[in-house]
1. When you look at residue 580, is it closer than 17 Å to residue 664 by Cβ, part of a loop (DSSP other than H, G, I, E, B) and modelled with pLDDT under 80, yes or no?
2. With farther than 24 Å from residue 587 by Cβ and either modelled with pLDDT under 90 or in contact with a strand residue (DSSP E or B) (Cβ under 9 Å, 6 or more places away or on another chain) (or both) as the only criterion, which of 664, 714, 682, 655 stands out?
3. Which condition number does residue 166 fail, the rest of (1) surrounded by 13 or more Cβ atoms within 10 Å (Cβ to Cβ); (2) over 16 Å from residue 721 (Cα atoms); (3) modelled with pLDDT of 85 or more being met?
4. Out of all the residues in segment 383-423, which are in contact with a helix residue (DSSP H, G or I) (Cβ under 6 Å, 6 or more places away or on another chain), within 15 Å of residue 488 (Cα to Cα) and part of a loop (DSSP other than H, G, I, E, B)?
5. Being outside the structural domain of residue 122 (by TED's automatic domain parsing) and either surrounded by fewer than 12 Cβ atoms within 10 Å (Cβ to Cβ) or modelled with pLDDT under 80 (or both) narrows it down to one of 178, 231, 173, so name that one.
6. Are any of the residues in segment 594-603 more than 17 Å from residue 657 (Cα to Cα), buried (at least 21 other Cβ atoms within 10 Å of the Cβ) and outside the structural domain of residue 363 (by TED's automatic domain parsing)?
7. Does residue 521 qualify as being at pLDDT 85 or above and not in a helix (DSSP H, G or I)?
8. Can you tell me which of 381, 450 is within 39 Å of the chain's Cα centre (by Cα) and either crowded, with 22+ Cβ neighbours inside 10 Å or under 25 Å from residue 593 (Cα atoms) (or both)?
């Protein structure tokens, strides 16, 4: 939009909307990352806690059973305390030995359990199977590189930039779009990631089983016998010492010494001296070096602390990014609140209108509105075909002959969004004279006609002798309709409201014959299209007189494509880039004019000119071909071997070249053996002029075998994954 016609409110709306969009995208990506990492930490922590609790419970029970046996009375203690009632002594004896029996039984049961765990680990999760699953995972990642990303990157549709290598470390934009959009693509990537990681999950289960088998305490007869002898020795020695007076100093000293000698540290030291004398001597000899080891440990601890500080500093950009994401969001909320209360009255777009005025956006909006009114599919396709032909060039910004007649601002391709300026421009005699000189000079029944919008609603002046008398004033009606709603006539939602409330209103549907109901009558898409041509485009014509090869009817295939790929719509959403089913935007100069190597007085309108521009429009880069149509697919692969490969099988987004016929085009859809193609120079009607070039293209659907038969064989340059 021209800066001259922007109001302060519109500038604030544009800036605030852009800030809000960026903040929302990055806030969502940050939330997805934080949520993903938090869930993983919670899951890992919960599993570790569960394992720790389980081990602790097992150890507690084991030690309790051991203590019950160790510190209860034995058989020889029964009746030794001068009591006539033996219940206490006998109960203590039974409890102690029962505890030992339970512990030994549990340890015995651990032997077959451990063997079973090892068998499962080495049998079910053998190395051959793990390698096979790893190869499958690699193939899955090769077929769908999106699956190699983190789950939060798949969910958010954005990749996180590396904080340590990203040059602008203080930039708030820490994420970049990775092209994963739409529930189908996200779901496929997430499922493929889960499938690709199967080998890792199997290896984790194998390691878990082996760890369990290794850590289980098992019954060992030698160890059990040794523990029994030790326990009985302690009991008998204690009983012998206490046979005299327990208060005797000698007895008390001997008992303390025995208990010390029977302690774990002393027993371990004695065991090492007996069974590992060399190791024990080495440890004793290195005692003087302990201070040196302690000093090295202290230095290592200090080094770890310093490394931790630097690690914390390296994460500072991430923290600053989170703060930076929140700050613009708060600023945007404040700005939008101010705009809503002072200027917009709750009517603002999240992205500029120019970004949403494409034909792709408008087509999906039309389907949304028609489905909301329960239209039949063929009624949607036929009516949309008419719109695709009339408004294909610049979407809702289309005005008649925009490429050669300047608009209100004096520029070609005028995007001025000032309703009053357009009203003044339409009614100027200079404007009417331009259209008269360019198109109607030899037309005795019409002086001038100027159309606006998706339907090309026109103001028509029939007689050159009375240039101020209009036969129709639909363009003026559209502008005034938008003006009453406080919107520019290019606004997509306003044009949809105009179409369905004024031009397609139920009481006067433009289907040429009264009584046609798009919600009930199951006519063919072609018939609906012809009826709209006669009802809106050429009111004096009967629909049966509209030829089958009318340019509007030829758009039925493209309209069918839009409907097949429709998955929902919102006026607050941005258009999808690289949409194969979109209609060519001939207002894209980089694709079809100055940037196109085939844009010459001879080649403009040829299939090569159209295919080069359509490719650039879809992918955003030069396809690299400069030759004839039958050479284009091979030259594309030669220029971009990392992005495309030659194939005899079609795929959406591929460039096709005829083998026996010199022709090239773009495949926009493949389904059940049928291909939808966009191609230029239909009927070999290109004459090098721009006006003809933008009219002699078509989108059609046909069996791939028929396309091959027409062209004497077909070679496709098919996009690789990730292009």
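1. yes
2. Among 664, 714, 682, 655, only 714 is farther than 24 Å from residue 587 by Cβ and either modelled with pLDDT under 90 or in contact with a strand residue (DSSP E or B) (Cβ under 9 Å, 6 or more places away or on another chain) (or both).
3. Residue 166 satisfies every listed condition except (3).
4. 398, 408, 415, 416, 418
5. Within the list 178, 231, 173, the selection yields 231.
6. The answer is yes, given that some residue of segment 594-603 is more than 17 Å from residue 657 (Cα to Cα), buried (at least 21 other Cβ atoms within 10 Å of the Cβ) and outside the structural domain of residue 363 (by TED's automatic domain parsing).
7. yes
8. That would be 381, the only listed residue that is within 39 Å of the chain's Cα centre (by Cα) and either crowded, with 22+ Cβ neighbours inside 10 Å or under 25 Å from residue 593 (Cα atoms) (or both).
The values are calculated or read from the model by the stated rules, or taken from the named source; none is laboratory data. In this text the structure is predicted, and so the values were computed from the model without any measurement. Virtual Cβ from ideal backbone geometry, glycine too; neighbours counted across all protein chains shown.
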